[in-house]
1. Cα atoms only: what Rg and Dmax, in Å, come out for segment 108-184?
2. How many angstrom lie between the C-alpha centres of segment 1-69 and segment 221-283?
3. Averaging over every viewing direction, what projected area does the convex hull of the Cα atoms of the chain cover, in nm²?
4. If you project the alpha carbons of segment 45-200 onto the principal axes, what extent comes out on each, in Å, largest first?
5. For segment 133-222, just run the numbers: alpha carbon Rg, then divide by 2.2 N^0.38 Å, N being how many residues it has.
6. Can you classify segment 211-255 as rounded, prolate or oblate using the Cα gyration tensor, where a ≥ b ≥ c are the square roots of its eigenvalues, rounded means a/c under 1.5, and otherwise it's prolate if a/b beats b/c and oblate if not?
7. Hey, what did segment 36-152 get for relative contact order, percent, Cα under 8 Å, at least 6 apart?
8. Please figure out what share of the DSSP beta bridges in segment 2-281 is antiparallel and state it in percent, rounded to the nearest 5.
């Protein structure tokens, strides 16, 4: 199983070193992927711009949105051009985890209909392959295999699994290793029903915090980011891995569940977190 690390693009107070220095350290440490999480109505760094900055200072590491709320990028041609550009500049390292999202305030701020997000997402997914293929003269040509960025679909319902079967696979939005394993069987069934050969690529995410005050970092970052969930935000704070033993157990559990990649997202923007995590997962 590959082990990636999230960029702290959605950690409050993130600055340049939390993207540029972090990306350099992550590649040097041997992580497979740099990931981003996405919001509009929040003081985070925008995902695609953050990945473009990371692409400029790295050569090998994959660049993944996990996930990007793509219907918020309502100009699909522009979105296709932006993502193809990053893929071209990075030498074919982009993987797009895409989903419609679930925050009404993100859609309200974007002046888009929240209730129509699923339909808008399906329309985008229908249009993107042609646009990436040069429809309407759009370019540049992406450098990923197949001439487009990789695409994993996020979501934990049958519609998401069917969408995933049209592209490269599925990325889980959380819920833990047991929930991942249960959903993976449904993803595999949808893949087979779509007449696809082989197996879908799968990814999962988990949160971590290390250093002098991991509990405080998790509470300040994850507690704030997920405050819209009310009391359930406390479960996310509590579920973050805060020591070496828990991180090791989490990695093992996702590998046992069948994930191709686990991306560990930070609750701190301190680039030292990269080295602390690497010492554990690559020991």
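Every read-out reported here was derived from the displayed coordinates using simple, explicitly stated rules and does not represent laboratory data. Because the structure is a prediction, the values reported are computed rather than measured.
1. Cα only, segment 108-184: 15.0, 45 Å (Rg, Dmax).
2. 15 Å
3. On the way: hull surface 54.9 nm².
Over all viewing directions, the chain projects a mean Cα-hull area of 13.7 nm².
4. 38, 38, 31
5. Values: Rg = 17.4 Å, N = 90, 2.2 N^0.38 = 12.2 Å.
My calculation over the Cα atoms of segment 133-222 gives 1.43.
6. Working: a/c = 3.34, a/b = 1.53, b/c = 2.18.
Oblate.
7. On the way: 181 pairs, mean separation 35.6, N = 117.
This gives 30 percent for segment 36-152.
8. Details: 0 of 32 bridges.
Within segment 2-281, antiparallel bridges account for around 0 percent of the total.
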